[in-house]
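Heads up: the structure comes next, in structure tokens.
The values are calculated or read from the model by the stated rules, or taken from the named source; none is laboratory data. Only a predicted model underlies this, so the values are computations on that prediction, with no experimental measurement involved. With ideal geometry, Cβ positions are generated from the backbone for all residues, glycine too; neighbour counts draw on all protein chains shown. Note: accessible area is taken over every heavy atom of the protein model, side chains too, but ligands, DNA and RNA are not part of it. Shrake-Rupley method; radii C 1.70, N 1.55, O 1.52, S 1.80 Å.
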Amino acid sequence: MAGRSPPNLKLRKLKMASNPSLPKWTTGVFGLLALSGTAQAQFSNNTADIPGGSANNSNTENVDFGDVDLDGDWDAVFADGGDTQQDQNRIWINRGPGGNLGKFLDETSSRFPSINDQSRDIEFVDFDNDSDLDIYISNTAAIVAQGNLWWRNTGTGSGNYVDETSSRWVGLAGANSSIAASQILGSGTFIDFSCDCDFGDLDNDGDMDLFHSSYGGVFGGQVPSRIFLNDGNGFFEEFNPSGFQLSGQTIQSNNPGIWCEGTQQSDTTNTNGNRCDIASSALDIDLGDIDGDFDLDVLHGARQEQPRMFQNRLEESGSLGFRDVSNSAFPSGWASGDGHYEQEMGDLDGDGDLDIYGLNWLAGFGFNDCTMRNTGNGTYNSLTTLSGSSADDNEGDFLDYDNDGDLDLFVANFSGQDKLYRNNNNGGSGFSFTQVSFPSSSNTALDADACDVDGDGDYDIFVANDFGAANRYFENTTGTADSHGPYIPSVEQAPDRTAGAAPTVVRAQVYDNAPYYITWYNPTSLTYTVDGSGGATVPAMSSGGQIFRAEIPGNVVGTIAYFFSSADEYGNSGTSSTLQYTATGSGLNSGSPFCDGSGTGAICPCLQVGLADQGCPNTNPNGNGAKLVGSGNAQFSSDSFGLEITDGAFSKPGIIIKGASALSYPNGNPNVANSSGIFCVGPQLRGNVFFTDSNGAATVTTFKGSAFGANAEPAGSTTYYQYWFRDPGNTCQNLPGDSAAFNFSNGVEVDWLN
């Protein structure tokens, strides 16, 4: 169905605009007018640029976009089989960049494991934190007893996958599991009927956890949804604070709620934590922060029952937990009848919170879709029928097809014509939808995803069709490039603290006029200053939903001011407001970056032409510069300091260079030894040669500077470090005579304590 999963990485080769300005988002009174109209939408049914024949004639349940081979364009994967047959999932590779961008080849046989199953959902997620996109597959046991699968991307830009299902699950049917031993399969998974699973950092520990929904056999709605937590290395164990284990496949009334407060009761109206309903015929679930506390809540679909809302209690209680708040979150009569196949959350009115579109939620009145407005605190009102939506729809997706800055709506129809609605918000105080024309499509559509597959600045649509009909590529020919940057309306306030080893974790809400699963790839970062001086930038990673997460080093002492920045793939950018907190104590000393383009420090000449965000870009496919950071404590008595390198050239030799002073640009040498970067350390001594790994990373433990032998650093001294490495094939523009044989990272200044 509609589930998609964020990577815990930054894959796209994008750049931040050099002078981001604070975006504007609208506030005010909500108003929704469901109107009809005939405004022209510029889409064409492109059959020439996608595979045909046997590569495009399955029962397809789901389509997802991601850059599987790290070449900077959007590839597509498909979940095939569904309820009716065992089939092979498929992968289409985008042949760009270059003249073939937006043209796809089926490469299933060479990239995917040869496995036939009944797949209903396929999710991209970097579950092992190695900077490529892995895959999670949701299956149903409608024909053959089977469960969900884990496929790992073999990495280094290959985009090839291996099945690791048997090793990625931890403790199934064990002491902490609610799963009965009778449900475990020899393949290492467990029997289930899953149509949608989503990933998000539910416990705010920096990795992607799994929310696993189930609709039960024959849509019985008696098999519970479950939560599995990531251990940080891509191994998943069930979150079951109740300690309860089912005796069979289904959960019974008055059984503990497993991961949710209270005991199980179907269709409960209780909202104080005494009762919950975690077992319903869910065909779709969504994760997002509905109440502004930066924790990911769960919008839980239900085909036959009323959809439900579960509030994440992490912020309120200090530990992970959920409460069923359906009857207090939704307005009266929020759903009726049968056939509630799907729902989506998005900021439809630009006021910085998540509104809801419910597909077939008013099915008791002719399969009508509806919308609801978030009041700002996680409760909803203004339940409104979407005009012209009375057909049996199956999937909705938000996208800005006309590039006017707001979220429009595409609806994949189960029984006839797909539909497109234009949001007429245009920066106003509310929103209204007008149905617009769309190319003829009369298949049984089960899913749709949108992204700019051909790189022309507007959002195209892929539609997944059932019953052997070909999947469709609807190419957007609007020709108006996206000029609207992300907006960051809310940033988490960090508390005052005592400096120490643990980082200060802060989160932000990041929105854009794009599908949320595209915004997940936006290069997003946090910049902080200490006592009003300097400036350092750390990456912010998607937590799922609209949340991004960053860590400020815990050793800094003083008044720390910070803000978030985010950019889309077209260079449009936005920044948040600035918050601050105070850290007291002696802290730890892990070094301070310099020569990185921030403040008045030296910069790589490449930065002058806007090609990178730090250091000098190299042959690492992410397009960033190599980054050098300190780790541990630069205290002479602790003997625990180290230097870590990320985003370097793959498997290349390098040297840590040490100096007693720092050279500031333009005094640094911008073209030393045929190198692309600026040499910012001097006079220098060189340590031992070492190699980066296949991801361009390395760790060098200096032990009081002893990597430099007799030149170990005495307590009280200040030392400047920089990483110099082999980087053949790199090109840094505007550098006369640059043969690009070598490269430099940023520098790290270390004040050695006693």
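At a glance:
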item: Test for Leu611: is it assigned to a strand (DSSP E or B), open to solvent by 40 Å² or more (accessible area, probe 1.4 Å) and either at pLDDT below 80 or among the aromatic types (Phe, Trp, Tyr) (or both); result: no
item: Residues located in region 338-357, provided they are small (Gly, Ala, Ser) and over 23 Å from the mean Cα position of the chain (by Cα); result: Gly339
item: Among (1) closer than 24 Å to Asn272 by Cα; (2) of a type outside the set (A, V, I, L, M); (3) open to solvent by 30 Å² or more (accessible area, probe 1.4 Å), the one test that Gly388 misses; result: (1)
item: Qualifying residue in region 92-109 (condition: farther than 24 Å from Pro515 by Cβ, open to solvent by 10 Å² or more (accessible area, probe 1.4 Å), of a type in the set (Gly, Ala, Ser) and modelled with pLDDT of 95 or more); result: yes
item: Enumerated strands (runs of 3 or more DSSP E) restricted to region 435-499, each holding at least 3 residues that are within 21 Å of the chain's Cα centre (by Cα); result: 445-451, 460-465, 487-491
item: Of all residues making up region 394-424, the number that are open to solvent by less than 20 Å² (accessible area, probe 1.4 Å), assigned to a loop (DSSP other than H, G, I, E, B) and among the polar types (S, T, N, Q); result: 1
item: Residue that is modelled with the lowest pLDDT [pool: residues in region 285-310 that are out of contact with any Gly (no Cβ under 8 Å at 6 or more places or on another chain) and open to solvent by 10 Å² or more (accessible area, probe 1.4 Å)]; result: Gln306
item: Residue among Gly376, Gly352, Gly388, Gly366 that is free of Cβ contacts under 8 Å to residues at least 60 places away in the same chain and over 18 Å from Asp284 (Cβ atoms); result: Gly366
item: Residue match in region 328-337 (condition: under 24 Å from the mean Cα position of the chain (by Cα), assigned to a loop (DSSP other than H, G, I, E, B) and modelled with pLDDT of 95 or more); result: no
item: Elements of type strands (runs of 3 or more DSSP E) contained in region 204-247, each with 1 or more residues being within 25 Å of Trp151 (Cα to Cα), touching a strand residue (DSSP E or B) at 6+ places or on another chain (Cβ under 6 Å) and acidic (Asp, Glu); result: 209-212, 236-238
item: Complete set of residues in region 250-284 that are open to solvent by less than 40 Å² (accessible area, probe 1.4 Å), touching a Phe, Trp or Tyr at 6+ places or on another chain (Cβ under 6 Å) and not in a loop (DSSP other than H, G, I, E, B); result: Cys260
item: Subset of region 363-385 that is among the hydroxyl-bearing types (Ser, Thr, Tyr) and not in a strand (DSSP E or B) - its residue that is surrounded by the most Cβ atoms within 10 Å (Cβ to Cβ); result: Thr379
item: Tally, over region 351-362, of residues that are part of a strand (DSSP E or B) and of a type in the set (Gly, Ala, Ser); result: 1
item: Contacts under 6 angstrom Cβ, first residue in region 617-635 being hydroxyl-bearing (Ser, Thr, Tyr), partner modelled with pLDDT under 75 and open to solvent by 30 Å² or more (accessible area, probe 1.4 Å), 6 or more apart; result: Thr619/Gly729
item: Leu348, sole failed condition from (1) open to solvent by less than 10 Å² (accessible area, probe 1.4 Å); (2) touching a Leu at 6+ places or on another chain (Cβ under 7 Å); (3) assigned to a strand (DSSP E or B); (4) not aromatic (Phe, Trp, Tyr); result: (3)
item: Any chance Ile191 is modelled with pLDDT of 95 or more and either farther than 30 Å from Ala508 by Cα or open to solvent by 10 Å² or more (accessible area, probe 1.4 Å) (or both); result: yes
item: Criterion: surrounded by fewer than 17 Cβ atoms within 10 Å (Cβ to Cβ), assigned to a loop (DSSP other than H, G, I, E, B) and among the small types (Gly, Ala, Ser) - qualifying residue of Gly186, Gly147; result: Gly186
item: Condition check for Ile518: among the aliphatic types (A, V, I, L, M), buried (at least 19 other Cβ atoms within 10 Å of the Cβ), within 21 Å of Asp126 (Cα to Cα) and touching a residue at least 12 places away in the same chain (Cβ under 8 Å); result: yes
item: All positions within region 151-173 that are within 19 Å of Trp92 (Cβ to Cβ), in contact (Cβ under 8 Å) with a residue 40 or more places away in the chain and open to solvent by less than 20 Å² (accessible area, probe 1.4 Å); result: Asn153, Gly159, Tyr161
item: Selection within region 311-327 - crowded, with 16+ Cβ neighbours inside 10 Å and polar (S, T, N, Q); result: Gln311, Asn312, Ser326, Asn327
item: Some residue of region 40-50 being more than 30 Å from Asn425 (Cα to Cα), modelled with pLDDT of 95 or more, among the small types (Gly, Ala, Ser) and over 24 Å from the mean Cα position of the chain (by Cα); result: yes
item: Among (1) touching a residue at least 60 places away in the same chain (Cβ under 8 Å); (2) in a strand (DSSP E or B) - the single one Phe310 does not satisfy; result: (1)
item: Yes/no for Ala561 being in a strand (DSSP E or B), surrounded by fewer than 18 Cβ atoms within 10 Å (Cβ to Cβ), without any contact (Cβ under 8 Å) to a residue 40 or more places away in the chain and aliphatic (A, V, I, L, M); result: yes
